[in-house]
Amino acid sequence: MAEMRYLQAINQAMADALRADERVVVFGEDVAAAGGSFKATRGLLDAFGPARVLDTPISEATIASAAVGAAMSGLKPVVEIMFMDFVTLAMDALVNQAAKARFMFGGRSSVPMVLRTPHGGGLSAGPQHSQCLEAWLAHVPGLKVLCPSNPNDAYALLRAAIDDPDPVVFVEHKGMYASKGEVDTTRRVAIGQADVARAGRDLTLVTYGATVRTCLDAAATLAAEGIEAEVVDLRSIQPWDEAAVFASVARTHRVVVVHEAVQAFGVGAEIAARIASDAFDELDAPVLRVGAPFMPVPFARSLEQGYFVTADAVVAAARRVMA
């Protein structure tokens, strides 16, 4: 295995997919000559040429619509939306076209496209460049939504997304791009399969993306108090691994669901509701959620730090369910 940054793992996954399948194409704003706004596509134009790595106009609606058409015509497009906030401009193509095609055509047509997009705060990018909108997309039947927490999973899940016959939204946290880890390029991870990032016996922390690290830090603090927290990394938000989460709940009997996105009407609300309806007898305490407050992401660094989900907030929620 080689050590890579999270960003390098994504780049390597695209390069390997382009090399393995001539149907794979990459396009988006500044992804070719400039190598992408965060340099995730750096070097791909030189390696694979302008017929397979293309710059587009500054129009998210056009990018997503072109991807749907290309996918239905036999290609496997991997497109980039520069910030997840801008996915709002691509919603018709994603929600009304890509997600519905297999259903509307009786399974005779599919849309094998991947839409990559970075979410999250931490860069003082303000309320229009820092949102976590994955719950919107997870709500749509026909879309898969992935959010890896480390370079190894980023590589494996992006390869799985490109191989998938249906549309996949691949969410990357821009604050994690520089993080490092060992990457096994021969490894594959099935979409919809969670990972137990830390085993524990006393409570379960269910999370994904950047807050996996937050929960691991919280678990270390709790361990010093004699509380062993299990950390379940969903990896896939839609579909999510109910079996893995319910198995963890059966072991620990207490749950806190954690995500950076706004807490209200979020991914955590769905998971908490499903646990309450389908695993209620395993619970010894109410399911708690930790998420961002119901407000736009602040621009000022001091206010943004107060907006973030922290390990201290997770620890406080864990203590409540343990009381």
With contacts defined as alpha carbon pairs under 8 Å and 6 or more residues apart, what's the relative contact order of the chain in percent?
16 percent
Round to a whole angstrom and tell me the spacing of the C-alpha centers of segment 108-130 and segment 218-254.
26 Å
So, for the chain, what is the accessible surface per residue at a probe of 1.4 Å, expressed in square angstrom?
41 Å²
Sort 2-15, 91-104 by packing, meaning the average of other beta carbons within 10 Å per residue, with the highest value first.
2-15, 91-104
Among PHE170, PHE105, PHE308: highest mean-square fluctuation, GNM of the chain, C-alpha pairs under 10 Å:
PHE105
Give me log10 I(q)/I(0) at q = 0.27 Å⁻¹ for segment 1-54, Debye formula, one equal scatterer per alpha-carbon, no solvent.
-1.07
At q = 0.12, 0.22, 0.26 Å⁻¹, the log10 of I(q)/I(0) for segment 29-122 from a Debye sum over equal Cα scatterers comes to -0.39, -1.11, -1.35
Could you tell me the accessible area of THR221 in Å² (1.4 Å probe, neighbours in place), rounded to the nearest ten?
60 Å²
When the accessible area of the chain is split by element with a 1.4 Å probe, what percent falls to carbon and sulfur?
55 percent
To the nearest 20 debye, what is the magnitude of the charge dipole of segment 70-160 about its Cα centre, counting +1 on the Cβ of each Lys and Arg and -1 on the Cβ of each Asp and Glu?
420 debye
Kirkwood Rh and Cα-based Rg: tell me the resulting Rg over Rh for segment 184-323, rounded to two decimals.
0.97
Could you list which residues have their amide H under 5 Å from that of THR41, counting only those 5 or more apart in sequence or on another chain, with H placed in the peptide plane?
GLY36
Rounded to the nearest 5, the percent of antiparallel DSSP beta bridges in the chain equals 20 percent
Between ASP55 and PHE38, what length in nm is gained on full extension when 0.36 nm per residue of separation is reduced by their alpha carbon distance?
4.7 nm
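The values are calculated or read from the model by the stated rules, or taken from the named source; none is laboratory data. Bear in mind the structure is a predicted one, so any value in this text is a computation, not a measurement. Methodologically, a virtual Cβ is constructed for each residue, glycine included, from the backbone with ideal geometry; neighbour enumeration extends over all protein chains shown. What goes into the accessible areas is simple: the full protein's heavy atoms, side chains included, and nothing from ligands, DNA or RNA. Shrake-Rupley method; radii C 1.70, N 1.55, O 1.52, S 1.80 Å.
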